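Here is the structure we will look at, set down as structure tokens.
The values are calculated or read from the model by the stated rules, or taken from the named source; none is laboratory data. All values reported here derive from a predicted model rather than from experimental measurement. Heads up, the Cβs are rebuilt from the backbone with ideal geometry, glycines too, and the neighbour counts pull from every protein chain shown.
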């Protein structure tokens, strides 16, 4: 069973609103074991919606058309579907009655335009509207089908779960369940990771039911994500297969795997700091508070985060953190900043970052030169030099995850 | 001239990452006067990428294929384009040399896989890679063209602006120029803004060449944006029309207009602080460094920004900022924090923020309760209470722009 998504709306093509509906539908189709090979966006133009529907029907079994069911002249998905079906639109009295009732319930008068929302292609069946005024449609075209759902996300989602996905699953027979798990890594180049995982990916490609597949995705400042996906008969079976494969991948990648699914580096560090009953302090120069702001986004951060001294001006490094005179982009400054943060903030462990975000050089150092310092009990205060690629924003983001990763390594191995 | 976007990547279809690239490209195409009628997403499958490219070429003059240029076995956009062109891939020695140089510069060894990124379809020309390792491609197909750009957003955006959009504009001849300007406002409700602008929007809707149109867009934590758009024969003509309309809109909206186009509230504040030869200091609790990190994103911030004390733990508020004992979510604490930041950071003006981001209440105050303090020369230190809607992240972002807006108002009116 193959289904496509057709998102309708000129504002999507112009980039005025993000097409989150297609992503949501894609995720739900995958979870239902239904393949989705193409997703298309098209504007509010009758000829082009018809063309896009025909193109999609030629290569898939079902099309989910999303949007263009509103009351205005721009909303022409109903007409386009009727054209593709080769039938007329007929105003449905029951649907019209429901629309009137919805307006009455809100104490408003129904505009004449809204009656258009009761137009149904002959041969289509109606998905009752429970939230908005637009009903959905199930429109058979030969042995294939077009579904029409509203573009308003929560109306669309409700209708998908209640009517479209169940109908698709029924048409597909008894589909297998597809589950996936993502391992998040930091510290390996994409090519190194490819070499380590290559043989395993090839071995798994032989395939079969219950055998997972592996893929990885370079995610920039979030590192590289390794995705494990499996088709299985039940959630329990899927979970077992994913857990077994996760263990194998972790053997190949070691402790470069810092998190699973939505777990961030800052959350991983937080768990380790909290586990020791410590509080973390920061001294930030080039990151300018970015490290702190990512940390406070972790739920419960107040239990393990003291605060940060954002010492952007050199004078502040000296006066608040007691950084000695000399270049502020240096190993020595990074060490002094970490030690200063530990002291001033009354923290148990402290990270610091100083460097050149760019675009200009500083202290004779090129953009991307960054020094990260770490002060913690039972070790000498240390600092390392990094060379990071990219623009200002990217250098800052890379600095944050690199610094947190350094602390994580020390805590994992300690 | 019609161009389509083809976003390549199975992770897009599965809804694992959002397809922001297509939206960005759509917006840039519109601004260049190039029609974009369809956008398609396809997975990492050779046959289906070829099919999607052929479908797109059949109905448009140009296709921008985005993604699938990486070094792994999944990355097959190059192969698919060569198939559509009916040519071989040849490894390009110059491109390969550049990839090696990029790895050398980072002190890393190039994996054998990366050499695939130097494969170029015969007859295609290369868009040099300035950031990542993947070059872009310009691939003629009869009198049409396929562009290939990387899927990493900042690599893609740089290559689009430098090479693809200029090439498209050249092919399009002299398109009617569409120019727009965005006025950014903060502090008016959407309905108030609608009332003030309504008559003008209606008057302009009569239209005609050289007559701008007005639209506004509620942009959440960025306030409400008023967009002026005009079609004109030349950039000069467009600029005149936009400037005249901007003056009218500013009369209607007063100093709630804080910036133009990409100018942020933090940049607007920076210009005012720098104009006085001052330096700004911050004391942040619930915003956790977010205010500082937004400020250091402003180019040249080091000339007017001293730093921030992120006093997340109550002990830090007391020890570093000398906040007196008592509830830390209060007018008194906000005032003490601002005064403390002025003193500790040696700043000329200081902002503070303390409050409840949620989800739990604190000091008996519900989530969204925020106090913002302001200390500056020649005025008593002051603080105001805000009630902000939304989740943790939204409350933090609203706090930042509200605090900066408060400072801006004082400086504009002083």
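Working carefully through the options B:209, B:194, B:179, find the one that is away from chain A (no Cβ under 14 Å), at pLDDT below 85 and assigned to a helix (DSSP H, G or I).
On inspection, the qualifying residue turns out to be B:194.
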*Of A:311, A:338, A:333, which residue is within 13 Å of chain B (Cβ to nearest Cβ) and either at pLDDT 95 or above or surrounded by 23 or more Cβ atoms within 10 Å (Cβ to Cβ) (or both)?*
A:311
_Could you check region B:129-139 and list, in sequence order, the residues that are surrounded by fewer than 20 Cβ atoms within 10 Å (Cβ to Cβ) and touching a strand residue (DSSP E or B) at 6+ places or on another chain (Cβ under 8 Å)?_
B:138
*Quick one: how many residues across region A:88-107 are touching a strand residue (DSSP E or B) at 6+ places or on another chain (Cβ under 9 Å) and more than 12 Å from residue A:134 (Cα to Cα)?*
6
*Based on what the data block shows, is residue A:230 buried (at least 18 other Cβ atoms within 10 Å of the Cβ) and either more than 14 Å from every other protein chain (Cβ to nearest Cβ) or in a helix (DSSP H, G or I) (or both)?*
no
*Is at least one residue of region B:286-297 surrounded by fewer than 24 Cβ atoms within 10 Å (Cβ to Cβ), farther than 20 Å from residue B:187 by Cα and out of contact with any helix residue (DSSP H, G or I) (no Cβ under 8 Å at 6 or more places or on another chain)?*
no
*Within region A:364-388, tally of residues that are closer than 19 Å to residue A:276 by Cβ and without any contact (Cβ under 8 Å) to a residue 24 or more places away in the chain*: 2
*For region B:268-287, what are the residues that are touching a strand residue (DSSP E or B) at 6+ places or on another chain (Cβ under 9 Å) and either more than 14 Å from chain A (Cβ to nearest Cβ) or closer than 18 Å to residue B:381 by Cβ (or both)?*
B:268, B:269, B:273, B:276, B:278, B:279, B:280, B:281, B:282, B:283, B:284, B:285
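Somewhere in region B:66-82, is a residue on the phi > 0 side of the Ramachandran plot, buried (at least 20 other Cβ atoms within 10 Å of the Cβ) and either at pLDDT 95 or above or in a helix (DSSP H, G or I) (or both)? Full working, then the answer.
Quick first cut of region B:66-82, residues on the phi > 0 side of the Ramachandran plot only: B:67-68.
With buried (at least 20 other Cβ atoms within 10 Å of the Cβ) added as a condition, the list becomes B:67-68.
Within this subset, residues satisfying the condition of being either at pLDDT 95 or above or in a helix (DSSP H, G or I) (or both) are B:67-68.
For region B:66-82, residues on the phi > 0 side of the Ramachandran plot, buried (at least 20 other Cβ atoms within 10 Å of the Cβ) and either at pLDDT 95 or above or in a helix (DSSP H, G or I) (or both): present.
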*Is at least one residue of region B:87-95 in the same structural domain as residue B:162 (by TED's automatic domain parsing), crowded, with 19+ Cβ neighbours inside 10 Å and outside any helix (DSSP H, G or I)?*
no
_Lone unmet requirement of (1) away from every other protein chain (no Cβ under 14 Å); (2) crowded, with 22+ Cβ neighbours inside 10 Å; (3) part of a helix (DSSP H, G or I) for residue A:371_ = (3)
*Could you tell me whether residue A:326 is under 22 Å from residue B:317 (Cβ atoms) and either touching a helix residue (DSSP H, G or I) at 6+ places or on another chain (Cβ under 7 Å) or buried (at least 18 other Cβ atoms within 10 Å of the Cβ) (or both)?*
no
*When region B:116-143 is examined, which residues are found to be at negative phi and part of a loop (DSSP other than H, G, I, E, B)?*
B:122, B:124, B:128, B:129, B:130, B:131, B:132, B:133, B:134, B:135, B:143
_Could you check region A:374-396 and list, in sequence order, the residues that are crowded, with 20+ Cβ neighbours inside 10 Å, within 14 Å of chain B (Cβ to nearest Cβ) and at pLDDT 90 or above?_
A:388, A:395, A:396
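Out of everything in region B:10-39 that is assigned to a loop (DSSP other than H, G, I, E, B) and surrounded by 24 or more Cβ atoms within 10 Å (Cβ to Cβ), what residue ends up being farthest from the other protein chains (Cβ to nearest Cβ)?
Top of the filtered list is B:19.
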*In region A:54-65, how many residues are within 12 Å of another protein chain (Cβ to nearest Cβ) and either assigned to a helix (DSSP H, G or I) or farther than 22 Å from residue A:20 by Cα (or both)?*
5
